[in-house]
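Asker: Provided herewith is a single structure, encoded as structure tokens, for subsequent inquiry.
The values are calculated or read from the model by the stated rules, or taken from the named source; none is laboratory data. Not measured: the values here are computed from a predicted model. Cβ atoms come from the backbone with ideal geometry, glycine included; neighbour counts cover every protein chain shown.
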Amino acid sequence: MNAIIGSAARMVGGLKASGGLVSNGSRIVPEEVPIAFSYGGSTHAVMMATPADLEDFAVGFSLAEGIIERADEVVAIEAIEAGEGIDVQVTLKDMTAEALVARRRRMAGPVGCGLCGIESIEQASRPVRRVGSDQVRLTAREIADATAMLAAAQDLNRQTRAVHAAGFYCPHEGLVAIREDVGRHNALDKLTGAVLLGGWTASLGAVVVTSRLSVEMVQKTAALGAPILIAISAPTALAIRTATAAGITLIGIARDEDFEIFTRPDRVAEGVPMHV
């Protein structure tokens, strides 16, 4: 617990009201700090995030933004304290200034927004990578296992009740990776980096998240190359259209073996409710 409090959370004091009585109390809360991603000495983006798993975060963010296509394009990552935040300096094999400028974000991205800082409508609706893998098929029991394993593995959320999680589930292996963050997009970026650096094959598993299914979550899953995205909440209409374009199986409102399939039901065993 001390390691978690020292990096991703801290203990704070306060007043607690219960049963009409007020008393002194304490609680563990997650940290939230500005984290800058710099390439070639120039800041590309600043995100408000939990200051943990920064190497994973840097690799996953770089892939999602189209800055890299493979993890081995990253030569070095160095996290440097910068005032109240952290500057994550990323060195690439081939640093292309023009490509970075084309995707540069000019404002800090709040944790609730995965597209803040982009400069045009076209960037928000950019074409999504198509996921062509048909090697994975999940049963209702495996979908239930994936969500249950994610909930059980959320150590930081169990202490704070204030963070999202994203996990990578592989049939016959279970939940092989999980990352947590105050921002749902950050959690998925961190998971993406963990999958790439851990050597898992994205096309052979499913992403499972604790958040709603917004379009950015689908875009990031497509960038990773995972064919199935599972969430405990419902998707937006744009997320459904984007998942269709990407060829991703979108599963929402997952509660035990009850869930709904919104796109590509062929990757799920028959006999479940479908919105297709």
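Asker: Find the residue count for segment 55-74, including only residues that are buried (at least 21 other Cβ atoms within 10 Å of the Cβ) and assigned to a helix (DSSP H, G or I).
Answerer: Of the residues in that region, 9 qualify.
Asker: I'm checking my understanding of the structure. Among residues of segment 141-187 that are hydroxyl-bearing (Ser, Thr, Tyr) and within 22 Å of Phe57 (Cβ to Cβ), which one is surrounded by the most Cβ atoms within 10 Å (Cβ to Cβ)?
Answerer: First, the residues of segment 141-187 that are hydroxyl-bearing (Ser, Thr, Tyr): 147, 160, 169.
Then drop every residue that is not within 22 Å of Phe57 (Cβ to Cβ), which leaves 160, 169.
Values: Thr160: 21, Tyr169: 26.
Looking at the filtered set, the residue picked out is Tyr169.
Asker: I'd like to check something: does segment 158-173 contain any residue that is part of a strand (DSSP E or B), among the β-branched types (Val, Ile, Thr) and in contact (Cβ under 8 Å) with a residue 24 or more places away in the chain? Spell out the reasoning first.
Answerer: At the first step, the residues of segment 158-173 found to be part of a strand (DSSP E or B) are 164-170.
Those still in the list that are among the β-branched types (Val, Ile, Thr) too: none.
No, there is no match, as no residue in segment 158-173 is part of a strand (DSSP E or B), among the β-branched types (Val, Ile, Thr) and in contact (Cβ under 8 Å) with a residue 24 or more places away in the chain.
Asker: At least 1 residues that are not assigned by TED's automatic domain parsing to the domain that holds Ala162 in each: list the helices (runs of 4 or more DSSP H) lying fully within segment 177-270 that qualify. Break it down stepwise before answering.
Answerer: Numbers: elements: 184-198, 215-224, 237-246.
Answer list for segment 177-270: none.
Asker: Out of the residues in segment 249-276 that are at pLDDT below 95 and under 22 Å from the mean Cα position of the chain (by Cα), state the one that is surrounded by the most Cβ atoms within 10 Å (Cβ to Cβ).
Answerer: Going through the qualifying residues, I end up with Asp256.
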